[in-house]
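Report on one structure; see the data block that follows.
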Ligand SMILES: [Zn+2]
Ligand SMILES: [Zn+2]
């Protein structure tokens, strides 16, 4: 571990927001202010949200600024404390989340909805993210990683900091009971393969949906059944297959892909009184869920909920599960210089599991 004798902070910036262009640059290392710590970021996962922010694939009216440092799944080590900071200590291993800081006193924070905080800062979105070697972080908002975690286990914890927290919190926010069926769309993806593992660790049964090439990934993650989404001529047949495999429909459908079709199908994969959880955000102009007709929702008492990342407690719980071996991220290590290539591979849907940038 290098210390402060290093004077330069290597970072990947979005050099032309709206496109996939990125550039590795050298920046000064910032000093942590009151309530902050300086973190040597060692690894950062690359999330589909990073791709969307860089390319503006969600067609947001305002793009992130040129020079934005993306990334929101960081793992590293505290190397110095700002004035007044007691914890975390120098040397502590920490994770950086999508929510970089929250005020902890607004009404959302008081309700435990820190991710909705009116003053939240978001890593990699109008606030510096984790695609850099040195990052100033809010000391009360980093996630502590137990000291005994081996260095070679750290890259695998990076995807937990967004993908893991997102799926774990989504599962936690449903009324699932042990032995219930969960349908996970996009089961072989970055979110999906972790969702399968968290669901199994929490005592649920899983039917994973994805393209045929991702079947082994889903089964290895622990799925009880796999359904090839391209293996049917009609959407209804796919849904009927899920209903058959689950003995009447899934209690919860977790849509981890950014596909409008997956959302339309998911409602028909549910049992009565089931819950559709929206996670993956489709690209392009926002569209309603086509099949969510009011008569259907009323007669079958279907709930539709949105979920994004989680709060500090969710983060600690899901890091603990990963450290204890219940969940393992499937990842490939890539260099900072390759971020644009990674985005291109994401666009083509060519990545299984997660890409983690090696920032050492
Ligand atoms: Zn993310
Ligand atoms: Zn707040």
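With a Förster radius of 25 Å applied to the beta-carbon distance between residue 294 and residue 326, the computed FRET efficiency rounds to 0.05.
Here the translational diffusion coefficient of region 154-249 follows from Stokes-Einstein with Rh set to the Kirkwood radius across Cα pairs; for 37 °C and 0.692 mPa s it amounts to 243 µm²/s. With the convex hull of the Cα atoms taken as the outline of region 11-57, the averaged projected area works out to 4.4 nm². Computed over Cα pairs, the Kirkwood radius of region 299-360 leads via Stokes-Einstein (0.692 mPa s, 37 °C) to a diffusion coefficient of 220 µm² per second.
Label sites at residue 172 and residue 360, each approximated as a point 7 angstrom past Cα along Cα to Cβ, lie 3.1 nm apart.
Calculate, in nm to one decimal, what residue 335 and residue 58 gain on full extension: separation in residues at 0.36 nm each, minus their alpha carbon distance.
Here the answer is 97.1 nm.
Computed over region 273-334, the Cα gyration tensor eigenvalues convert (square root of 5λ each) into semi-axes of 32, 18, 11 Å, ordered from largest to smallest. For residue 113 and residue 140, the difference between the fully extended length at 0.36 nm per residue and the C-alpha to C-alpha distance is 8.1 nm. Using the average count of surrounding beta-carbon atoms within 10 Å as a protection proxy, the listed peptides 343-353, 136-146 rank, highest first, as 136-146, 343-353.
Within region 120-187, the proportion of Cα pairs with more than 21 Å between them is 44 percent.
Spin-label pair residue 347-residue 317: with each label point 7 Å from Cα along the Cα-Cβ axis, the two points sit 3.8 nm from one another. The relative contact order of region 2-92 comes to 35 percent, based on Cα pairs under 8 Å that sit 6 or more residues apart. When each of the peptides 177-183, 196-202 is scored by how many other beta carbons lie within 10 Å of its residues on average, the order from highest to lowest is 196-202, 177-183. In the chain, the calculated helix contribution to ellipticity at 222 nm averages -7000 deg cm²/dmol per residue, counting -39,500 (n - 2.57) for every DSSP H run with n ≥ 4. Once Rg and the Kirkwood radius are both taken over the C-alpha atoms of the chain, their ratio Rg/Rh works out to 0.97.
Our estimate of slack between residue 121 and residue 244, defined as 0.36 nm per intervening residue step minus the Cα-Cα distance, is 39.8 nm. Considering all C-alpha pairs of region 165-306, those separated by over 19 Å amount to 43%.
The angle between the Cα long axis of helix 312-323 and the longest principal axis of the Cα atoms of the chain comes to about 80 degrees, rounded to the nearest 10. Summary of packing: across the peptides 289-297, 88-96, the per-residue average of other C-beta atoms within 10 Å ranks them, highest first, as 88-96, 289-297. Pairs of Cα atoms in region 1-117 fall into 5 Å distance bins, from 0 up to the last occupied one, in shares of 2, 10, 15, 19, 20, 17, 12, 6, 1 percent. Measure nothing but the geometry: give the 0 to 90° angle between the long axis through the Cα atoms of 192-201 and the longest principal axis through the Cα atoms of the chain, rounded to 10°. Tilt relative to the chain: about 80 degrees. Let's test the formula: R0 of 41 Å, r as the Cβ-Cβ distance of residue 148 and residue 228. What FRET efficiency results, to the nearest 0.05? The value I calculate is 0.50.
The numbers here are math on the coordinates, done by the rules we state, and not lab data. Worth saying up front: this structure is predicted, and the values here are computed from it rather than measured. Please note: Cβ atoms are built from the backbone with ideal geometry, for glycine as well, and neighbour counts cover all protein chains shown.
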